[in-house]
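In what follows, a structure is listed as structure tokens, so that the remarks can point back to it.
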Amino acid sequence: MTDMLGSALAIGVGGALVNLIGHSSAEIANGFVVISLLMAAIALGATVLAGRTR
């Protein structure tokens, strides 16, 4: 349940960011770059936190 909720939230937030950034091809590409950087930051944070659970 939590896994599906996290995926749904990430997709929803990503779609909202693309919508806020704009609708032209260049703006959508910029939106994907922003989303990719945010997801990389989340993954890095999760990696750091996972090391603490040992």
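Please treat every number below as a calculation from the coordinates, not as lab data. As the structure is a computational prediction, the values presented were derived from the model and not from experiment. We place every Cβ from the backbone using ideal geometry, glycine too, and count neighbours over all the protein chains shown.
If you model the chain as an ellipsoid using its alpha carbon gyration tensor, with each semi-axis the square root of five times an eigenvalue, the axes come out at 27, 14, 5 Å, biggest first.
Take the Cα of LEU9, step 7 Å toward its Cβ, do the same at HIS23, and the gap between the two points is 3.0 nm.
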